[in-house]
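The values are calculated or read from the model by the stated rules, or taken from the named source; none is laboratory data. Since the model is a prediction, treat every value here as computed from it, not as a measurement. Using ideal geometry, Cβ is built from the backbone for each residue, glycine included, and neighbour counts are taken over all protein chains shown.
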């Protein structure tokens with residue numbers, strides 16, 4: 001009798017746990033986060049806590065969310081006609097990814113939870129440890145460099161939200177375009193390796209700093225971002241032949257090359 005009662009209790013608990021999990025990602029996000037938007041079926045969600053490192057003391061969680069939405073809108077609608085430029089790219093974002101903004105205690109938990117329950121890889125803006133600098137823009141990048149020769153380089157003042165939104169888009173491109181791989185021997189990987197072999201670019205300093213954990217795929221991903229940012233800031237003249245080849249490959253693949261932080265159309269739908 002006791003065994004039967006125990007089995008019934010365990011069965012009830014298992015069913016209750018399953019039923020407590022919303023069937024759709026949108027429902028889960030609206031139940032979990034203060035702010036949710038969608039572009040097609042690609043979701044952007046944010047908590048309500050203030051960013052800790054910012055050049056705007058009044059910045060709120062909603063401000064970071066609104067900026068992220070505008071960045072994604074601009075990246076996906078380069079000609080600013082109010083419609084996404086590339087439907088397959090938006091579909092890849094929706095199928096494979098979700099973007100979450102909050103402090104690390106939340107993002108670390110949600111990275112695992114959302115992927116395990118819904119299958120979407122979670123890209124994040126960790127707003128307690130990464131800089132949110134809304135004053136940074138392509139008209140005032142203040143890039144004080146004459147060449148890109150190290151993976152360690154970032155602008156002295158930079159908005160990490162730009163980087164994470166861009167990485168999300170290139171990750172989606174990677175999922176649908178085998179020629180946009182970051183692996184060793186790939187087109188992009190070979191360009192970076194040629195740059196390293198020529199002695200004009202270095203990843204060893206960062207690899208040493210990270211205890212040997214700065215892997216090749218991550219390095220290529222960051223290399224692509226650095227080149228994109230330099231070009232977006234109007235400084236493409238400092239890029240060397242290998243880096244210009246990466247920029248050309250991005251353009252040929254349809255990766256967005258510009259960003260407008262003042263994007264004012266309604267590509268995204270605010271869900272919550």
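Quick look at the numbers
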quantity	calculated
Yes/no for residue 205 being closer than 27 Å to residue 157 by Cα, surrounded by fewer than 17 Cβ atoms within 10 Å (Cβ to Cβ) and either free of Cβ contacts under 8 Å to residues at least 12 places away in the same chain or in the same structural domain as residue 77 (by TED's automatic domain parsing) (or both)	no
Hits in the range 217-239 (condition: surrounded by 18 or more Cβ atoms within 10 Å (Cβ to Cβ), free of Cβ contacts under 8 Å to residues at least 60 places away in the same chain and over 14 Å from the mean Cα position of the chain (by Cα))	220, 231
Helices (runs of 4 or more DSSP H) fully within the range 39-146 counting 2 or more residues that are in contact with a helix residue (DSSP H, G or I) (Cβ under 7 Å, 6 or more places away or on another chain) and buried (at least 21 other Cβ atoms within 10 Å of the Cβ)	61-76, 87-96
Matching residues, the range 160-194, being touching a residue at least 60 places away in the same chain (Cβ under 8 Å) and over 20 Å from residue 97 (Cβ atoms)	187
Tally of residues being farther than 12 Å from residue 75 by Cβ and either touching a residue at least 40 places away in the same chain (Cβ under 8 Å) or crowded, with 17+ Cβ neighbours inside 10 Å (or both) across the range 251-262	2
Subset tally (residues that are surrounded by 18 or more Cβ atoms within 10 Å (Cβ to Cβ) and either in a helix (DSSP H, G or I) or at pLDDT below 95 (or both)) for the range 176-186	1
